[in-house]
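A short write-up of the structure that comes next.
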Amino acid sequence: MTELFEHELPTIPRGRSSVFELPTGLMDMAAAGPIHRLKYAGGHVGWIVTDFQLCRKVLTMPEFSSRPDLRHSAIHEAIGDGQPPEERPGMFVGMDPPEHTHYRRIVAAALRLGEMRRLQDDIAERARALFDSDTGERVDLVSQVASPLPALVITELLGVEEEVSHTLSSCLERMLSLESTADDVRKMFTVIFDELGAVVARRQEDGGPGFIQNMIDDGQLSHAEMTSIAFQLYTAGHETTTNMIALSWLYLLNHPEAVAAIRGSDAAVADAMEEFLRFFSIIQFGISRAALTEVELGGVTIRPGETITVSLPAANFDAQRFSDPHRLDISRRDRGHLAFGFGVHQCVAQQLARVELTIALRVFLERYDDFTLDSYEMKSDTIVHGLNRLFVRQSGTDRP
């Protein structure tokens, strides 16, 4: 690898030419080699990995830490991977085993696939109600359905009041925006934690339903730990799912032949969902780890204290792993993508996300003939790839 002066080092590719393209320059970087020097937002010089196998390796190696106090952000002084800018009890996404294992086991028990599948009818009912709540000719499917649906599901699962959910959603959107200052981000984190902390306190008093109450009854965790876990579940179960839903609908609106291919087949919808997850790879700037010791990786030496960014989009477009990766193939049956990460920190809410996305696709297909694509607006200032708006024009066709 040719050594570059610090002022010559690349920063992480950010802009996109279209919603269906990866960040400009990312695949050129990947084509030049599996691992590269990278200049981070605060001036730190670290690395970026673009090779599928190396990305998986980094995410399983104990030599690389998830601790936020050791890592740097490639894109923003404070946002990082969406974790609080300071350590908090119970923030297991920023912990290493064995501390991480302790908390994750508690959360994973509530989010098993079987448990999530039992929510399907309720989620479908909510989705249909949201679709039917606006009878106007021109409707924004993001604000009308794709955004409120995951928020309603995760807040009900947690036991959070609906009015609190509106505050949390607004704060989360600002928290993940690259246009927010570091002070803005810290303020939004504080508001979210204060709101969720108040919910935990209310559940301790009134014994209302939901996962927060389950944690209280279990008696293993402090108020601060329960608040942190509620924060992690809320963030994992909201913004990413919203944007996956919207992007998937946009693709189907542009490809009626894809609708015909998957309509009426649960297996075909499942294949399409997994391909949407791979193709859109909405954690568009990847996830970072900090080297605890000297590590030889991909022909280079990673030194202790250096941050390495695992590019999930580049990994999911690695031609050595996926055939014709730049083609969105809804019949592709290869489920080995890294959209949810890999290893011990693989997204704990992935089964909930899959269930929600599957139902969102099914209910959308029920109404597909009512809709004509009007316009859409791509996000350009957030760590999650997606849509700000997805406008459709709807007919008066009778609905099922």
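The values are calculated or read from the model by the stated rules, or taken from the named source; none is laboratory data. Remember, predicted model here, so these are calculated numbers, not experimental data. For neighbour counting, all protein chains shown are included, and Cβ atoms are generated from backbone atoms with ideal geometry for every residue, glycine included.
What helices (runs of 4 or more DSSP H) lie completely within segment 92-203 and have 2 or more residues being under 21 Å from residue 392 (Cβ atoms), in contact (Cβ under 8 Å) with a residue 60 or more places away in the chain and out of contact with any His (no Cβ under 7 Å at 6 or more places or on another chain)? Show your work before the answer.
On the way: elements: 99-110, 113-117, 120-132, 148-158, 162-175.
It comes to 120-132.
Could you tell me how many of the residues in segment 217-239 are buried (at least 20 other Cβ atoms within 10 Å of the Cβ) and over 24 Å from the mean Cα position of the chain (by Cα)?
0
When residues of segment 138-147 are filtered for being surrounded by 22 or more Cβ atoms within 10 Å (Cβ to Cβ) and out of contact with any strand residue (DSSP E or B) (no Cβ under 8 Å at 6 or more places or on another chain), how many remain?
Residues meeting the conditions: 2.
Residue 302 fails exactly one of the following numbered conditions: (1) closer than 17 Å to residue 67 by Cβ; (2) more than 26 Å from the chain's Cα centre (by Cα); (3) surrounded by fewer than 24 Cβ atoms within 10 Å (Cβ to Cβ). What is the number of that condition?
Of the numbered conditions (1) closer than 17 Å to residue 67 by Cβ; (2) more than 26 Å from the chain's Cα centre (by Cα); (3) surrounded by fewer than 24 Cβ atoms within 10 Å (Cβ to Cβ), the odd one out for residue 302 is (3).
Quick check: anything in segment 318-336 within 17 Å of residue 32 (Cα to Cα), of a type in the set (Phe, Trp, Tyr) and either at pLDDT 95 or above or within 22 Å of the chain's Cα centre (by Cα) (or both)?
No; the residues of segment 318-336 include none that is within 17 Å of residue 32 (Cα to Cα), of a type in the set (Phe, Trp, Tyr) and either at pLDDT 95 or above or within 22 Å of the chain's Cα centre (by Cα) (or both).
Looking at segment 35-61, which of the residues that are at pLDDT below 95, under 20 Å from residue 294 (Cβ atoms) and outside any strand (DSSP E or B) is farthest from the chain's Cα centre (by Cα)?
The extreme case among them is 44.
Which numbered condition in (1) within 20 Å of the chain's Cα centre (by Cα); (2) buried (at least 20 other Cβ atoms within 10 Å of the Cβ) is the only one that residue 307 fails?
Condition (1) is where residue 307 drops out.
Yes or no: residue 330 farther than 27 Å from residue 231 by Cβ, surrounded by 22 or more Cβ atoms within 10 Å (Cβ to Cβ) and not hydroxyl-bearing (Ser, Thr, Tyr)?
On the way: farther than 27 Å from residue 231 by Cβ: yes; surrounded by 22 or more Cβ atoms within 10 Å (Cβ to Cβ): yes; not hydroxyl-bearing (Ser, Thr, Tyr): yes.
So residue 330 fits the description; yes.
Any residue at all in segment 154-162 that's under 21 Å from residue 243 (Cα atoms), surrounded by fewer than 17 Cβ atoms within 10 Å (Cβ to Cβ) and in contact with a helix residue (DSSP H, G or I) (Cβ under 8 Å, 6 or more places away or on another chain)?
Yes.
I'd like to verify a number: residues in segment 194-215 that are among the small types (Gly, Ala, Ser) and surrounded by fewer than 16 Cβ atoms within 10 Å (Cβ to Cβ), how many?
Going residue by residue through segment 194-215, those that are among the small types (Gly, Ala, Ser) are 197-198, 201, 207-208, 210.
Subsequent filtering for residues that are surrounded by fewer than 16 Cβ atoms within 10 Å (Cβ to Cβ) retains 198, 201, 207-208.
Residues in segment 194-215 being among the small types (Gly, Ala, Ser) and surrounded by fewer than 16 Cβ atoms within 10 Å (Cβ to Cβ): 4 in total.
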